[in-house]
Amino acid sequence: MHLKRILILPVLLLFLGLAGQAQHAYLEGFIRDSEGNALEFVNLAVEGTTVGTTTSEAGFFRFRVPAFQRLRISISYLGYAPVSIPVTMDLNEVRHLDITLEPSATDLPDVVVSERQVLSTDITRIDPRLVSRLPGPSAGVEALVKTLPGVSSTTELSAQYSVRGGNFDENLIYVNGIEIYRPFLVRSGQQEGLSFLNSDLISSISFSAGGFDAKYGDKMASVLDIQYKTPEKFGGSFSMSLLEGSVHLEGLSSNERFSYLVGLRHKSNQYLLGTLDAQGDYRPSFSDFQALLTYELNERATLSLLGNYSHNRYLFEPEVQRTRFGTVTDVRELTVFFAGQEVDQFVTAMGAVSLNLHPTENLKLDFISTVFQSDENENFDIIGQYWLQRVETDFAQDDFGQPTGEALGIGTFHNHARNYLNAIVWNLEHKGKLTGKDRVLNWGVKFQHEDIFDRLVEWSMVDSSGYAVPRQADAILLRDTLNARIQLKSNRLSGFVQNTWELEADHGRFALTAGVRANYWDYNGQFLVSPRTNILYKPYWAHRWAFRAAAGFFHQPPFYRELRDFQGQLNENIRAQESIHFVLGSEYNFLAWDRPFKYTTEVYYKHLRHLIPYELDNVRIRYYADNLANGYATGLDLKLHGEFVPGVDSWISLSLMSTREKIEGAMYTDADGNTWPAGYIPRPTDQRFNFSMFFQDFLPRNPSYKVQLGFIFGSGLPFGPPTYERQLDTLRMPSYKRVDIGFSKELIGAGTEFRENSPFRHFQSMWITAEVFNLLEINNTISYMWIKDVENRLFAIPNYLTRRLINIKLVAQF
């Protein structure tokens, strides 16, 4: 790690000297149509140069141009008449232009397409360029998704997130229409490694927090739909920081029939993990390689291959942990001395072959075959000797702030695991799309085969002051014992049909989507039908408003983890979980300070049936493997998105939510010893309040200096003692509070001039960023360690997340 810092420092100093001595100015403004609607992806270019940009979702543009030169700015957009504007600008001048494009003579079809985009409020679209700007230790698409309304997360070490009361397993992720899977055995964010999604390769990001269309698969919570780039010329990027590095290349053959998009990443968060309470030798190593190769067979047929290989290895030799917790007047300290190590390895590979046919302009046919394999090993033998004592809180005492030496608990624990899992998922799929004048028909059918082998050997033991807990008269009993060998082979068949109609009335326009999904799994013989509908309305009498209503059935058949109980046994009689969604939403577009803003509101209710209760510990989910519960989730999501600072997007999200379940046969005992039905209890993801913000700013006189801020506040999640009795999990963790900030300097941008022989003349942009993680140095709790003393009292010791840390990041595109 010290070598890495030594090597990166001269590189950063070199690039700091490249701040571009060229004389330049800035052009900014908005591009709208004749009705005042913002136009996205409008092309702007300085004629005779490679300098240019495109407009954002709000129709805004900003780019750097040479000063003291007569320039002509060319503006073009499909369906609109091109515009050419002459400009001559002074040094460091910032000129604002408001441009209105007029429809061309052949604009009618394109106007319809633009209006369809206005109506499509069921999906949130995210600018992929913002991914690299959000500060935080887990840079990626998921980090940006966590700032959206309805989405919550209580750890910065993991890419996992929950949506509207659902758990991590209830989220769908697609890349180019291919469903993505994640490893099964990961139990903590430290082990997780790299997410599948490579932000360098992404062209578009779409997200839905509920009530999504039937074309998306059989999960109950959300869908994240990613599209990778279609290269049009040679290019690439690289990034490096104290935590990770990446490089990507893309290009197109001379005959424009073959394109390639490849990315390589490596991450070692050893520097970050060093801020945890558990000190020792952390040696994580996470790497992956992805490639998208596309070949145009002819004008109406394209063959593509998407491949991924990921190798994640986590090695940890703990030495000592010191954790302080409690109140201002009652502080306690746990000290643990360790022996042993943990060695985990997760190797995943995926290959997908797609044949895309366009027999006619209105018909699209896709044939996809995918193979996914995960080979996972989890091995640890860790012995810990702990000492729990009080800390002096009296200012008048000489040993204020120091342990008093009074032992509240002394003991030893031993955790052991030898777990191995191999999973192969193969599927064959067909999708089709037929576009008509005012309707779009989608359909699909998919066959999937799963082959999973799981070998589990796991146990733990606690010895408090020489008394093993639990124990019998002549034997010590091990806790959390698992010893199982599982082989599961099964097949699934699913399909969907949905149609979208666009209707026009005197008072406004409608987009109605109705569809149905069907699913059959031969392991339990269950056949499921899931109808869904979605209606969007844009009134003429309130052109700034759009409204949405959605309802439907969302069934989630068990995959593998839902089948396996705490003893490692499979339940062959398990059924699919069911969620019935009801969603009402609105969108209001307005101008404030002469800048565009969008305010969205959604209220929802989810009726949950046949639920499989589970325990959540860090990011590990352990299911009860039986449909024991019914429940609900209801809430309100609000988002204000716009240009709080001219030219850069920021947003604020606020969510109120309650999700509860009633478990069959669950009882509790009151203080008088009476037993009562437990009734409705909070689900493990019951985060009542969540507030998040992504904010950007820059220096008005020098926009090349920027600041980015990420802020998350989430109320505490339920937890309880390790008894595997869900009705007892009614305590609350402390709230999750985190602020990350980044300070950026643009070293190379549009308008930067170099000498003809400069090696940097090929770069389009280059940024250097100094990030401060956990700016406020807040101790956030992810889980608890439970220990007992000789009097059999149970103590919950918080496992804290990472502390404040400074990171340096360099990002360049060429």
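The values are calculated or read from the model by the stated rules, or taken from the named source; none is laboratory data. Please read all numbers here as calculations on a predicted model, not as lab measurements. With ideal geometry, Cβ positions are generated from the backbone for all residues, glycine too; neighbour counts draw on all protein chains shown. Remember, those area values only see protein heavy atoms, side chains included, never the ligands or the DNA or RNA. Shrake-Rupley method; radii C 1.70, N 1.55, O 1.52, S 1.80 Å.
Is there a residue being under 24 Å from residue 621 (Cα atoms), hydrophobic (A, V, I, L, M, F, W, C) and more than 13 Å from the chain's Cα centre (by Cα) anywhere in region 192-210? Scanning region 192-210, I find no residue that is under 24 Å from residue 621 (Cα atoms), hydrophobic (A, V, I, L, M, F, W, C) and more than 13 Å from the chain's Cα centre (by Cα), so the answer is no.
If you go through region 540-566 one residue at a time, how many are assigned to a strand (DSSP E or B) and closer than 23 Å to residue 208 by Cβ? Walk me through it before giving the result.
Just the residues of region 540-566 that are assigned to a strand (DSSP E or B), to begin with: 545-556, 564.
This time we only want the ones that are closer than 23 Å to residue 208 by Cβ, so: 545-556.
Qualifying residue count, region 540-566: 12.
Among residues of region 327-341 that are under 12 Å from residue 278 (Cα atoms), those with a beta-carbon under 9 Å from a residue that is open to solvent by 40 Å² or more (accessible area, probe 1.4 Å) and among the β-branched types (Val, Ile, Thr) at least six positions away or on a different chain give the pairs 338/383.
When you scan region 47-109 for strands (runs of 3 or more DSSP E) that lie fully inside it, which ones turn up with 1 or more residues that are of a type in the set (A, V, I, L, M) and modelled with pLDDT under 85? Give the steps one after another, and end with the answer.
Details: elements: 52-54, 60-66, 71-77, 80-87, 94-100.
Qualifying strands (runs of 3 or more DSSP E): 60-66, 80-87, 94-100.
Among residues of region 378-396 that are free of Cβ contacts under 8 Å to residues at least 24 places away in the same chain and within 11 Å of residue 414 (Cα to Cα), none has a Cβ under 7 angstrom from a residue that is open to solvent by 40 Å² or more (accessible area, probe 1.4 Å) and part of a strand (DSSP E or B) at a sequence gap of 6+ or on a separate chain.
Can you report the number of residues in region 707-730 which are touching a Phe, Trp or Tyr at 6+ places or on another chain (Cβ under 8 Å) and either in a loop (DSSP other than H, G, I, E, B) or free of Cβ contacts under 8 Å to residues at least 60 places away in the same chain (or both)? Break it down into steps so the answer makes sense when it comes.
Residues of region 707-730 that are touching a Phe, Trp or Tyr at 6+ places or on another chain (Cβ under 8 Å), as a first pass: 707-716, 719, 721-722, 724, 726-729.
Those still in the list that are either in a loop (DSSP other than H, G, I, E, B) or free of Cβ contacts under 8 Å to residues at least 60 places away in the same chain (or both) too: 707, 711, 713, 715-716, 721-722, 724, 729.
Within region 707-730, residues that are touching a Phe, Trp or Tyr at 6+ places or on another chain (Cβ under 8 Å) and either in a loop (DSSP other than H, G, I, E, B) or free of Cβ contacts under 8 Å to residues at least 60 places away in the same chain (or both) number 9.
Screening residue 262 with (1) open to solvent by 20 Å² or more (accessible area, probe 1.4 Å); (2) aliphatic (A, V, I, L, M); (3) at pLDDT below 95 gives one miss only, at (3).
Restricting to region 715-771, and then to whatever is touching a strand residue (DSSP E or B) at 6+ places or on another chain (Cβ under 6 Å), over 21 Å from residue 785 (Cβ atoms) and among the aromatic types (Phe, Trp, Tyr), can you tell me which residue is surrounded by the fewest Cβ atoms within 10 Å (Cβ to Cβ)? Restricting to residues being touching a strand residue (DSSP E or B) at 6+ places or on another chain (Cβ under 6 Å), over 21 Å from residue 785 (Cβ atoms) and among the aromatic types (Phe, Trp, Tyr), the top hit is 743.
How many residues does region 24-74 contain that are open to solvent by less than 30 Å² (accessible area, probe 1.4 Å) and either among the basic types (Lys, Arg) or touching a Leu at 6+ places or on another chain (Cβ under 7 Å) (or both)? The total comes to 15.
Taken together, the residues in region 175-212 that are open to solvent by less than 20 Å² (accessible area, probe 1.4 Å) and closer than 22 Å to residue 305 by Cα amount to 8. Taking each residue of region 662-675 that is of a type in the set (Val, Ile, Thr) and looking for partners that are surrounded by 10 or more Cβ atoms within 10 Å (Cβ to Cβ) and part of a loop (DSSP other than H, G, I, E, B) with beta-carbon atoms closer than 6 Å, six or more apart or interchain, yields 663/613; 663/628. Residue pairs whose Cβ atoms lie under 8 Å apart, separated by 6 or more positions or on different chains, with the first residue in region 53-69 and among the β-branched types (Val, Ile, Thr) and the second assigned to a loop (DSSP other than H, G, I, E, B) and modelled with pLDDT under 80, are 53/750; 65/51; 65/750; 65/751. Residues that are touching a Gly at 6+ places or on another chain (Cβ under 8 Å) and of a type in the set (Ser, Thr, Tyr) within region 272-290 comprise just one, 282. For first residues located in region 570-582 and among the aliphatic types (A, V, I, L, M), partners that are open to solvent by 50 Å² or more (accessible area, probe 1.4 Å) and not in a loop (DSSP other than H, G, I, E, B) and lie 6+ apart or on another chain with Cβ distances below 6 Å form the pairs 580/553; 580/607.
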